[in-house]
Amino acid sequence: MKNIILFLLIIICSNLFSQNDTLNKTFNSTNVKIFIDCDFCDLDFIKQEMSFVNYVRDPKVANIQLIINEQNTGSGGKEYSLFFIGLDGFEYINDIQKYTSNSDDTESEIRTGLLKIMKLGLMRYLAKTPLAEKFEISFIQEAQKVDEIIDKWKNWVFNINLNGYFSGEESYKSNYYNGNVSIGKITEKKKINFNYYFNQNINKFDFGDNSISGYTLSQDFSNMYVKSINNHWSAGSIIDIFSSTYRNTKLRALLAPAIEYNLFPYSESNNRQLRFLYSFRYSYVQYNDTTKLNKVNESLLSQNLEIALKVKRKWGSISTAINASNYIHDFSKNSLNLWTELSVRLFKGFSVNISGNASLINDQLFLQKTEPTYEERLLQLRQTETGYSYYISTGLSYTFGSIYSNIVNPRFGD
C-alpha cells in the first residue's frame, strides 16, 4: 500500500513540474498562430490592425484560440467576454478579458475597443516569444482625477423602435409595420422591464378585375420583474396583455409568478447556462369570435416549464431550450416546443451547423368556430388548426489547403 501511495505522489509531482515548465518556457518562434472564434467580429479589420500574429482557419493548428461571446447589459450596450486558450506551445496558459460597449457606440468604436482588449490579452503569450522585444509599453497619463460616476437615470434605459417594410409588383403589394417601446432597469439584485410591441401586415393581390386583400394586427404589453436570490436562484413575476386578429384574441391578460434555478452560477452565464424556469399562470381571455368550444371569454390556469442550455467551448457551441405547458383544467390541452442551435467542429476544417424548432400543439383554445375562407388561408389571416409545426436548417462546411488567412484583399468585394 505504501508503495502505491509513493508511486502516485511521484506521478502527481512529475505532472506539476511538467506544467510549471510549460508555463515558464519560451516559445522560440515568431510564427504565433491564432484562431478567432467570433461570429460578429470584423475579422478583416483585426487582421489589418493586428498583423504581428498569423491567423489560421482551424484551432487544431493554432497556438492560441480566442473565443468571444457577447451579452446585453442593462444600459442597452453589450459586455464582451474574451476567452484566451493556450494550445500548442502555450498549454495551461488561459485568460479571460472583458470589454463593455455603450448603447450609442458605433460599430467602428466597438471594433476598436475589442481590438485593444485583444492586444492586451495576447501580451501574456507574446511576452514568451522572440516578438517580445518588438513591443513597447506606454501609459496615457490622466490630466485630472476622474470624478465619481453619478447616474441621473438610476440605471433606467428607454428605447423606441419603429420599422416599415414595403414591397410589390404589378399584381401584388405588401406593407408591414412594427414598433417597440421598452423601459428597463438591470442591476445585480433585480431586473425590471416594461415592453410594448405591435405589428401590422397588409397584403393585396390583383387578378384582372378581381382583388384579394388582407389585414392582421397584433399588440402586446408585458412587464417582467426578477429578483436575485443567490448565484443559482431567482424569483419574479410576468404580466402580459395581448391581442391578435390572427389568433382570434381580442384581449388576453396574464399574470404569472415564476422561479428559476441555474445549475451553474449566474456569474458564468456568458460561458455556460443550464436554467430551469417554472411559472404558474392565470389568464383571462376575450375572443373576437366564438371558439370551437363555444367560448367568447374564459378564465384559465396553466403551468409552464422551460429548460434552457447554453454552452460555448473550443469545439463549438450549443444553445437549446425545451418548453412544456398545459392547462390545469384539462392536461390533454398541452404543448411541447424544442428549439436549438448547434455549431460543432468535428475535425480539422470540417464543421456542422444545425438550427431548428419543432412543436407539438394541442392547446389551440382560441380557434374560431367557423372555418377559414379561401382568402383567409391564402393570406394567412387566421391561425388554422394543427398538431405540429417545425422548421430546420442544416449545413456542412469543409475547408482545406493553406492554414493561414492573414491577407485582406477587398477588390471586387468579398
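Here are the numbers for the structure shown:
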item: Output for segment 170-210, where each listed residue is modelled with pLDDT of 90 or more and in contact with an Asp or Glu (Cβ under 6 Å, 6 or more places away or on another chain); result: Tyr197
item: Leading residue by the ranking (surrounded by the fewest Cβ atoms within 10 Å (Cβ to Cβ)) among those in segment 359-408 that are among the small types (Gly, Ala, Ser) and more than 30 Å from Pro59 (Cβ to Cβ); result: Gly387
item: Every residue from segment 178-230 that is of a type in the set (S, T, N, Q), outside any strand (DSSP E or B) and without any contact (Cβ under 8 Å) to a residue 24 or more places away in the chain; result: Asn230
item: Given (1) of a type in the set (Gly, Ala, Ser); (2) closer than 30 Å to Arg382 by Cβ; (3) over 21 Å from the mean Cα position of the chain (by Cα); (4) at pLDDT 95 or above, index of the condition Ser237 fails; result: (2)
item: Any hit, segment 48-57, residues being within 17 Å of Leu126 (Cα to Cα) and in a helix (DSSP H, G or I); result: yes
item: Answer from Ile46, Ile68 - the residue that is over 22 Å from the mean Cα position of the chain (by Cα), under 30 Å from Thr30 (Cβ atoms) and in contact (Cβ under 8 Å) with a residue 40 or more places away in the chain; result: Ile46
item: Segment 120-136: number of residues that are surrounded by 17 or more Cβ atoms within 10 Å (Cβ to Cβ) and either touching a residue at least 60 places away in the same chain (Cβ under 8 Å) or not in a helix (DSSP H, G or I) (or both); result: 6
item: From the options Leu82, Leu87, residue that is touching a strand residue (DSSP E or B) at 6+ places or on another chain (Cβ under 9 Å), aliphatic (A, V, I, L, M) and over 18 Å from Ser269 (Cα atoms); result: Leu87
item: Sole residue being small (Gly, Ala, Ser) and surrounded by 16 or more Cβ atoms within 10 Å (Cβ to Cβ), chosen from Gly214, Gly179, Gly208; result: Gly214
item: Matching residues in segment 42-54 - criterion: being over 18 Å from Lys134 (Cβ atoms) and crowded, with 19+ Cβ neighbours inside 10 Å; result: Ile46
item: Any pair with Cβ under 9 angstrom, 6 or more apart, that starts in segment 152-174 at a residue that is free of Cβ contacts under 8 Å to residues at least 60 places away in the same chain and farther than 21 Å from Gly208 by Cβ and ends at one that is exposed (fewer than 10 other Cβ atoms within 10 Å of the Cβ) and hydroxyl-bearing (Ser, Thr, Tyr); result: none
item: Residues located in segment 79-115, provided they are in a helix (DSSP H, G or I), surrounded by 13 or more Cβ atoms within 10 Å (Cβ to Cβ), over 20 Å from the mean Cα position of the chain (by Cα) and without any contact (Cβ under 8 Å) to a residue 40 or more places away in the chain; result: Thr112, Gly113
item: Residue in segment 153-162 that is surrounded by 15 or more Cβ atoms within 10 Å (Cβ to Cβ) and at pLDDT 85 or above present; result: yes
item: Residue ID - farthest from the chain's Cα centre (by Cα), chosen from residues in segment 283-295 that are in contact (Cβ under 8 Å) with a residue 60 or more places away in the chain and in a strand (DSSP E or B); result: Thr291
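The values are calculated or read from the model by the stated rules, or taken from the named source; none is laboratory data. Not measured: the values here are computed from a predicted model. FYI the Cβ positions are ideal-geometry reconstructions off the backbone, even for glycines, and counts take in every protein chain you see.
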